[in-house]
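I have placed the structure first, in the form of structure tokens, so that the comments after it can refer back to it.
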Amino acid sequence: MILEIIGDLGYVLLFLNTIILSVGFPKNGKAYKIFTIYTVIMFLIQMSSFVLLKLQKNNLYMSHFYFILQFIFLSFFYLQLNFKNDQKKIIKAGFVFCFFTLGVQYALDCSLFWKFNLFEIFITSFLLIVYAVFHLYNLLNEKKEFYYINVGILLYLFGSTILFLSGNLMVYLSPELNTVTWILNAFLYVIYQLFILFELKKGLPKDNLILRNE
């Protein structure tokens, strides 16, 4: 019951953020637009997984679309920010390394598509955490651009990575412990969406009717 409530709240916040980001899409820069596309795609994946779950169908393979597309769009998102040349080189090298190693892994074992791929989860999340730390460091002496979104990404990825890395072990956990881990993940996702919402409320033009203070 608690898991469903928190999960539904996460879906509502994700939908709200998707709408707000889409409204601001035409009048904002490239980083904003990439993050908007990322949010729309995450919403579509989440809804597809939700429908499959309700139909009692296997939705584990959707995790690959989630992690891979999240890695792609957030990597391009960070490349648009005010990073140093060395940092951008690391992002580009990480991008190539990630897809090369994953390509080799899936070529050797195609069955990974139907379950949680622990290496995929680790490498995509770890690299994004590194990029987020880069941005947080750069913001110490610069304008706080996408500050709250970046903090939300850091918090969510740290927590969710721990959860998903134990994904293949969950079948051995008690139902109570299994539920607790998913509740924690859903809670972290709500926090992440709230950080995005706060960033949008803080940064959107005052004449925006969606979050306008009356």
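List of remarks:
- Summed over the residues of the chain and divided among them, the accessible surface reaches 56 Å² per residue at a probe radius of 1.4 Å.
- Here the simple spin-label model places points 7 Å from the Cα toward Cβ, and for residue 68 and residue 30 these points are separated by 2.5 nm.
- At an R0 of 22 angstrom, the distance between the Cβ atoms of residue 57 and residue 106 translates into a FRET efficiency of 0.50.
- Note on the chain: helix-only mean residue ellipticity at 222 nm, from DSSP H runs of 4+ residues weighted -39500 (n - 2.57) and normalised by residue number, equals -26000 deg cm²/dmol.
- For the chain: relative contact order, % (alpha-carbon pairs under 8 angstrom, 6 or more apart): 28 percent
- Carbon/sulfur fraction of accessible area - segment 14-131, other protein chains in place, 1.4 Å, %: 72 percent
- Positive dipole terminus of segment 1-202, leading residue within 13, 3, 162 (C-beta point charges): 13
- Nearest-20 debye value, the chain charge dipole, Cβ charges on Lys, Arg, Asp, Glu: 660 debye
- Multiplying the residue separation of residue 114 and residue 84 by 0.36 nm and subtracting their alpha-carbon distance yields 6.9 nm.
The values are calculated or read from the model by the stated rules, or taken from the named source; none is laboratory data. Remember, it's a predicted structure, so these values are computed and weren't measured experimentally. Backbone-built Cβ (ideal geometry, glycine too); neighbour counts: all protein chains shown. Accessible surface areas use protein heavy atoms only, side chains included; no ligands, DNA or RNA. Shrake-Rupley method; radii C 1.70, N 1.55, O 1.52, S 1.80 Å.
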